[in-house]
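Structure, as structure tokens:
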Amino acid sequence: MIKTFFVTGIGTEIGKTIISAILVEKLKADYWKPIQSGDLDHSDSLKVQKLVSNTKSVFHPEAYRLTQPYSPHYSAELDHIEIVMDKIKKPATENHLIIEGAGGLMVPLNQNDLMIDLIKKLDYPVILVSKNYLGSINHTLLSVEALKNRNITIEGIIFNGEPNASTEKIILKMSGLKSLGHVLPISEINQETISEAGESINF
């Protein structure tokens, strides 16, 4: 069965791109980031492509490539364009597909739409990336609540970084979600360690 997942996080700098690379390699899936905001010469698509060693994955072009490293709505404004939801369409593929969002769920794309609205529009199960830090329980449960309020299917949570058994246990209990695995800190990120990290992910 062909699987498509939307990878989002409980905030910025949570590790969505690394987790996306791990999932792409594990599933030999295609990769698509609908909106890239800034850092175009070192985009997330390019980062994932460098970390994937299989030859099956296809890296689909972004719907929007914004030159400035800000919230998409502001970056688009600076580039004198407007992000239009109807112009963001899933690329054609017969392979598994990993879609990576930008920032957290409530990042604005324009004056009316948020990242969570794009997730709802595309209508694929979400993999939520969480990372243990003071406040992460609140941020994770708020993210889960927002997704559930919009009737968005959540495949599960991947914990990234240093483990905290107490934090992870209460998040899973309170959210009612399953853990898809825990990716421990990777000292040297390369194709080999990304491939090895996939062993800790369970679908």
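Details
- Residue ID - surrounded by the fewest Cβ atoms within 10 Å (Cβ to Cβ), chosen from residues in the stretch 6-52 that are part of a strand (DSSP E or B) and out of contact with any helix residue (DSSP H, G or I) (no Cβ under 7 Å at 6 or more places or on another chain): 30
- The listed residue being touching a strand residue (DSSP E or B) at 6+ places or on another chain (Cβ under 8 Å), surrounded by fewer than 16 Cβ atoms within 10 Å (Cβ to Cβ) and closer than 19 Å to residue 8 by Cβ, out of 131, 121, 148: 148
- All of 189, 116 fail the test of being touching a Ser or Thr at 6+ places or on another chain (Cβ under 9 Å), of a type outside the set (Ser, Thr, Tyr) and at pLDDT 95 or above, apart from 116.
- When residue 161 is tested against (1) over 19 Å from the mean Cα position of the chain (by Cα); (2) on the phi > 0 side of the Ramachandran plot, exactly one condition is not met: (1).
Okay, residues lined up against (1) in a strand (DSSP E or B); (2) at pLDDT 95 or above; (3) out of contact with any helix residue (DSSP H, G or I) (no Cβ under 7 Å at 6 or more places or on another chain):
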residue: 142; (1), (2), (3): no, yes, yes
residue: 145; (1), (2), (3): no, yes, yes
residue: 151; (1), (2), (3): no, yes, yes
residue: 156; (1), (2), (3): yes, yes, yes
residue: 159; (1), (2), (3): yes, yes, no
residue: 167; (1), (2), (3): no, yes, no
residue: 171; (1), (2), (3): no, yes, no
residue: 174; (1), (2), (3): no, yes, no
residue: 177; (1), (2), (3): no, yes, no
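- Candidates in the stretch 4-33 are the residues that are among the β-branched types (Val, Ile, Thr) and modelled with pLDDT under 95; of these, the one that is nearest to residue 196 (Cα to Cα) is 14.
- Checked against (1) at positive phi; (2) over 11 Å from the mean Cα position of the chain (by Cα); (3) surrounded by 17 or more Cβ atoms within 10 Å (Cβ to Cβ), residue 108 passes all but condition (1).
The values are calculated or read from the model by the stated rules, or taken from the named source; none is laboratory data. These figures come from a predicted structure and were not determined experimentally. Cβ sites come from the backbone with ideal geometry, for glycine too, and all protein chains shown count toward neighbours.
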